[in-house]
Amino acid sequence: MDSRLPKPSGIKRPTTLTKNILPMDRIKTATLGFGSKTASVSMCGMDILPPLARDLTNLPNSFRRERAGSPDIHRSSVTTGANRTKLRRSRSACDIRDIRAMKRPDISIAPIPAKTMRLVNSGVSNNAPASSFGTNSTVSKPPRIGNVVASSTAAVKKQLTRNPIVTKVGSSTSLRSGTANTATTTVRKGTSSTATSISTTGAGKTINKRIPPYDYKARFNDLSEKHQVLKAKYEEKCEQMSSLEGLPEQLEESQDQLFKTKEELKTVNIERDCLNQQVKSLNLKIDSLSAALVKTKEELTKLTENYKIVKEAHDIFHNEVQDLRAQTSYLTDENNILKEDLTACKEQLFRANMERKELHNTIMDLRGNIRVFCRVRPPLDFEQDKMLCGWNYLDESTVEIQSFDNRNKCVAHTFSFDHVFHPNSKQEDIFEMVSPLIQSALDGYNICIFAYGQTGSGKTFTMDGIPTNVGVIPRTVDLLFDSIKNYKRLGWEYEIRVTFLEIYNEVLYDLLSNEQKDMEIRMAKHNKNDIYVSNITQESVTSASRLRELMSMAKMNRATASTAGNERSSRSHAVTKIELIGTHAEKNETSLGTINLVDLAGSESPKTSTRMNETKNINRSLSELTNVILALLQKQDHIPYRNSKLTHLLMPSLGGNSKTLMFINVAPFLDCFVESVKSLRFAASVNSCKMAKAKRNRFLNTSSNNSL
């Protein structure tokens, strides 16, 4: 049996092309070559193409059959015969594998027939194996009915006009050229070296060699390949049919989706109408806002101008701020350094102040805890006619008093004190000697200052003074508050409490209250050497003016009367007590100092006085004060402090923990010679009395200080 099948040859996968080439395009391309017989052209991605001798000899019949089986619109035989080339039905396996659907424009003008649909499904199925036609190129959809079909000639021309591509596989060389005069020679190697098929094109004649009939092996291999290709296509069609079985369900789902979409469309239309109404209202708003926008733009223009002005000022201020920040940083560093120095200075100052207090107290101890100052008052204007005693001031601490007796013999008495003030001494000079004691009170010591002397000797003037020439007590007030201001810089805070007491006929009276009270002198619980007066009014003061007001009130309530020695003499003992409570928060320290300022009553002879009882009580108090001083001088075991209210009240100042200053005031007149000598002798006795050293009242800030 004479077979037309070529011998089996090695089938190789073609290279990837950008466009599918049909078998008839390959045939036409092969028939267009003229000239060289040595060139080898690779068509449709194959290295070696098998000869199709019979197809080349029966081209008209092949064209006719292809036109009858093609889904394309039939054209004239001349145009179709010139532009398309089909293979005959008995093709080789290589040709069948290379068949692909032609790529045509996708236009949906008319419905697709079932026959065309099958071709489309076979071309676009994703499940078809890529090796069915031996190429990996993309499959194009066939043209639909009613579309203008591009002729295969255009496809052929498009491939013929490409640049030549040369591909080397093994020892074979494939050359593809776009020129029509190129001679094409295709050599296919099969399993047998003698079974070859040579196709030579020249002058429109083609010579084909078929597979020899005796080569059953080649024919069997060729049929096996065809069987595998057809089997793959059959499986592909089965898969396409299985995929089409789900189309009814998809149709129902699509109809349901269409119904839902229609409902949604109605809703959307309603919403659209609502939105149109909103658009109209918004348009009205836009018009109003446009008018407002015009005004706003005008305002914006003005604000922009203002902003530029402010921006310029801001830039200037910003530069200044930067400079100030730099200065601030520098000053902050300097401040930190100064703070450290200040802390060190404060510590040094505190230590120096403590050392100063100790040295000051040492000096005061060396001077004596009981100091006596003698003051001789000058005669007043209306006393210029009176006879004066002879006064000789030997030095600052010694005074001599002279007088003549009945025999006209000069009698002289010399007395020595801590300091003697002559009649020309000023109040400032006297207070200058008193101020160190006030400083000791701020340091936490108890101070007592009292004036002793006969009536009219100048005790009240020395202690109180007059508005134009104040005495010791007002000057003490000014010094206290000035010192407190200075002590604040050292970290000390002071609280001042004052009481004003009067002893009249051995009865205690509160000078800050007009009420009748039962007042007694009692011992302090925490210190047996300290005493206090019960039911007395105590005022806390924060300014010197307030303290002066209280002193004026107490002075008005004090008992005074006219005596033989003075028109207005104090008939009672007045005691002003000032408590100074100082606290230092950083050092956790508290100090308590007191100042007792005593203005004793004037004494006169009971023989010439019309107020015998007052004079007796006054002289008794002064006499008991003398007895206490003598007992201290003689160092007796029992000191009669409680024999009178005055000595009982002055007990801490006379024999306890206190620094005491006594003013002995004397009159310069001759008729006061006897009383002056008595006062000077008493003062000399007091000056010779030695007391124990005073101790500073210093506490830690604990709960025990609440009793202060």
Residues whose built amide H sits under 5 Å from the amide H of LEU511, excluding neighbours closer than 5 in sequence, are PHE500, LEU501, GLU502
Please list 3J(HN,Hα) in residue order for the range 518-523, calculated via the Karplus relation 6.51 cos²θ - 1.76 cosθ + 1.60 where θ = phi - 60°; whole Hz, with x for glycine and proline. 8, 10, 9, 8, 10, 7
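Work out the length of the dipole vector of the range 246-367 about its Cα centre, built from +1 on the beta-carbon of each Lys and Arg and -1 on the beta-carbon of each Asp and Glu, and round it to the nearest 20 debye. Intermediate results must be reported in sequence, preceding the final value.
Working: 18 positive and 24 negative charges, 139 e Å.
Computed about the Cα centre, the dipole is about 660 debye.
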With x for Gly and Pro, the residue-by-residue ³J(HN,Hα) of the range 299-306, computed from phi through the Karplus equation 6.51 cos²θ - 1.76 cosθ + 1.60 at θ = phi - 60° and given in whole Hz, is 5, 4, 4, 5, 5, 5, 4, 4
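Sort 472-485, 304-317 by the packing proxy (mean of other Cβ within 10 Å over each peptide's residues), most packed first.
Values: 472-485: 18.5, 304-317: 10.9.
Ranked from most to least packed, the peptides come out as 472-485, 304-317.
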Farthest towards the positive end of the dipole of the range 350-439, among LEU366, ASN424, PHE382 and with Cβ unit charges of +1 on Lys and Arg and -1 on Asp and Glu, lies the Cα of LEU366
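Throughout, read-outs are computed from the coordinates displayed, never taken from laboratory work. These figures come from a predicted structure and were not determined experimentally. FYI the Cβ positions are ideal-geometry reconstructions off the backbone, even for glycines, and counts take in every protein chain you see.
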